[in-house]
Amino acid sequence: MEKRYINIQQAARILGVSALTLRNWDNSGKFPAGRHPISNYRVYKVQDLEDLLIEIELSKGHKRPTKSEAKKLVVKHLEADEE
């Protein structure tokens, strides 16, 4: 089963930033997080991370990565996190 949401630590690792940076981005509205309905912890949609990674690549002047290329990067980081 595909994960649709990930926790803040996994999102930080995928994006190469700290969890504190993600909290600051959430508080300022730059990259808002969802909330887990029971624990109220921040959670992030995998789709939102893919979209952000595409934006980052475009801002670096690289060609637009396909959705599958962005998804492969996210999956690679998620698999490394589970090991």
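The values are calculated or read from the model by the stated rules, or taken from the named source; none is laboratory data. A quick note: this is a predicted structure, and the numbers were derived from the prediction, not measured. Ligands, DNA and RNA are excluded from the accessible area calculation, which covers all protein heavy atoms including side chains. Shrake-Rupley method; radii C 1.70, N 1.55, O 1.52, S 1.80 Å.
Legend: residues ASP26, ASP48, sorted from most to least accessible area (1.4 Å probe; ligands, DNA and RNA excluded), read ASP48, ASP26.
Take LYS45: with every protein chain present and a 1.4 Å probe, its accessible area is about 100 Å².
Sequence-ordered 3J(HN,Hα) estimates for the range 27-38 from the Karplus curve with 6.51, -1.76 and 1.60 and θ = phi - 60° stand at 5, 8, x, 5, 8, x, 9, x, 10, 5, x, 9 Hz, glycine and proline given as x. State whether the range 24-66 is rounded, prolate or oblate according to the following rule on the C-alpha gyration tensor (a ≥ b ≥ c being the square roots of its eigenvalues): a/c under 1.5 gives rounded; otherwise a/b larger than b/c gives prolate, and the remaining case gives oblate. The shape class here is oblate. Computed extension length for ARG35-HIS62: 6.5 nm, one decimal, from 0.36 nm per residue of separation with the Cα-Cα distance subtracted.
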